[in-house]
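Heads up: the structure comes next, in structure tokens.
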Amino acid sequence: MNWEQLRHDCLQCTKCPLHETRTNVVFGSGNIGSEILFIGEGPGQQEDLTGEPFVGRAGKLLDDMLTVIDLDRSKIFIANIVKCRPPGNRDPLPQEQEACIDWLRAQTRLISPKLIVCLGRISAMKLIKPDFKITKEHGVWFEKGKFRMMALYHPAALLRDPGKRPETFADLKVLRRAIDEICDKTY
Ligand code: URA
């Protein structure tokens, strides 16, 4: 399956009840040739309305976080665990995550990143390990098959608790070091 076919099929998805309340599927955006894949939790209201990931307040903070290490959205790809908005911004249910994960798996196969950055606990628990503890394990690299994976605090968590920002600043430096060491291209 190529990227355009995958996108076309994903935009029609009715695999879970979230399709009934969505405005747009948020397929993901950025550079599909990137070696760096960021994965959030699921669309919020602004993302549902626009079809683009991380365009609300948390998205603006994500942009600032990327700027700290000289990255921007054109250099990475950004996707989510679930591609349709959970009503009222609740956490996506395990069965919704499971129904949606094959889209992300197919995207990951096509992008073939070297580094995967999970944004927040939900993404890390789904992709790194079910008992992931974000307060203890943010900024730590995990090897999973072909990928090196780490989690950062979700930007929405950093908006709620600015006290966590210095830790995230340090984690971003760890990410930058890995990018410089491991990626073939310069970012
Ligand atoms: N939060 C997420 O996890 N993903 C988005 O796309 C927006 C907010």
Checklist outcome for this item: Filter the range 20-43 for residues that are more than 16 Å from the ligand (Cβ to nearest atom) and open to solvent by less than 10 Å² (accessible area, probe 1.4 Å); the one that is farthest from Ile128 (Cα to Cα) is Ser34
Item to check | Within the range 1-111, helices (runs of 4 or more DSSP H) holding 2 or more residues that are within 20 Å of Tyr153 (Cβ to Cβ) and out of contact with any strand residue (DSSP E or B) (no Cβ under 9 Å at 6 or more places or on another chain) | outcome: 57-68
Checklist entry - Within the bounds of the range 100-108, is there any residue that is within 16 Å of the ligand (Cβ to nearest atom), in contact with a Gly (Cβ under 8 Å, 6 or more places away or on another chain) and not aromatic (Phe, Trp, Tyr)? => result yes
Checklist entry - Taking Ile122, is it touching a strand residue (DSSP E or B) at 6+ places or on another chain (Cβ under 7 Å), farther than 18 Å from Asp63 by Cβ and of a type outside the set (D, E, K, R)? => result no
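Residues to consider are Pro94, Pro17, Pro53, Pro87; find the one that is within 10 Å of the ligand (Cβ to nearest atom) and either more than 14 Å from the chain's Cα centre (by Cα) or not hydrophobic (A, V, I, L, M, F, W, C) (or both).
Selected residue: Pro53, the only one of Pro94, Pro17, Pro53, Pro87 that is within 10 Å of the ligand (Cβ to nearest atom) and either more than 14 Å from the chain's Cα centre (by Cα) or not hydrophobic (A, V, I, L, M, F, W, C) (or both).
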Checklist outcome for this item: Of the conditions (1) touching a Phe, Trp or Tyr at 6+ places or on another chain (Cβ under 6 Å); (2) crowded, with 19+ Cβ neighbours inside 10 Å; (3) closer than 25 Å to Cys183 by Cβ, the single one that Leu110 does not satisfy is (2)
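The values are calculated or read from the model by the stated rules, or taken from the named source; none is laboratory data. Quantities reported herein were computed from a predicted structural model and do not represent experimental measurements. So basically every Cβ, Gly included, is an ideal-geometry build from the backbone, and we count neighbours across all protein chains shown. These area figures cover heavy atoms from the full protein model, side chains too; ligands, DNA and RNA do not enter into them. Shrake-Rupley method; radii C 1.70, N 1.55, O 1.52, S 1.80 Å.
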